[in-house]
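The values are calculated or read from the model by the stated rules, or taken from the named source; none is laboratory data. Source: prediction; values computed, not measured. Every residue, glycine among them, receives a Cβ derived from its backbone with ideal geometry; neighbour counts consider all protein chains shown.
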Amino acid sequence: MADEDVPVAAGSDEETTEAVEIDSVDEGVLFALQRDARNVTIDEIATEADVSPSTVRNRIDKLENTGVLKGYEPKIDYEKAGFPLRLLFVCTSDPSTRSSAAKDVLDVVGVVDITEMITSEHNLYIETIATSTSDLIRLTKELNESGLTVHSSEIITKKYSQPWGHFEQKDRSSE
């Protein structure tokens, strides 16, 4: 079997493009977890999805084991925590080494999130937390030294998100 044919274990750093079959129960579980994974209970999800709590537990296990659910991350208000300088660096990396560069940059102190873009220019968006202006200068220098071209650094004032509506439970009685 060739290396590229070896299945990827769930939870590994390697990406797989094989889709996992998701049904309406899985969608209900995913929507509830997207909305508020920290505070929703298994019983509440079960009631919303109209299944038993054990079914919800089994579905969560399946979604975790297949890599659909990759974690439960807190939403941190860095400004309230005393770190008011939240920045977005727009960078360019060589497309052939973009993924490895992104993973390497995660080691830079202050980097909290990296988004890879498919475009050849401006293909890495790096979110950072800086503690001071001198820390911002250090971050910029380290990103440049890692082989990235920094095009801009923007101060993030607010960030909004919402659960993807496709997973929202709809009235299935009309189906």
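Remarks
- Region 109-144, residues that are assigned to a helix (DSSP H, G or I) and over 15 Å from residue 94 (Cα atoms): 133, 134, 135, 136, 137, 138, 139, 140, 141, 142
- Matching option when the condition is outside the structural domain of residue 121 (by TED's automatic domain parsing), surrounded by 12 or more Cβ atoms within 10 Å (Cβ to Cβ) and touching an Asp or Glu at 6+ places or on another chain (Cβ under 6 Å), among 35, 59: 59
- One residue from 97, 119, 157 being modelled with pLDDT of 90 or more and either in the same structural domain as residue 45 (by TED's automatic domain parsing) or polar (S, T, N, Q) (or both): 97
- Members of region 67-103 that are more than 23 Å from residue 161 (Cβ to Cβ), crowded, with 16+ Cβ neighbours inside 10 Å and not small (Gly, Ala, Ser): 92, 98
- Region 26-49 - residue that is touching a residue at least 24 places away in the same chain (Cβ under 8 Å) and in a loop (DSSP other than H, G, I, E, B) and, of those, farthest from residue 164 (Cα to Cα): 38
- Any chance residue 43 is at pLDDT 95 or above, of a type in the set (Asp, Glu) and out of contact with any Asp or Glu (no Cβ under 8 Å at 6 or more places or on another chain): yes
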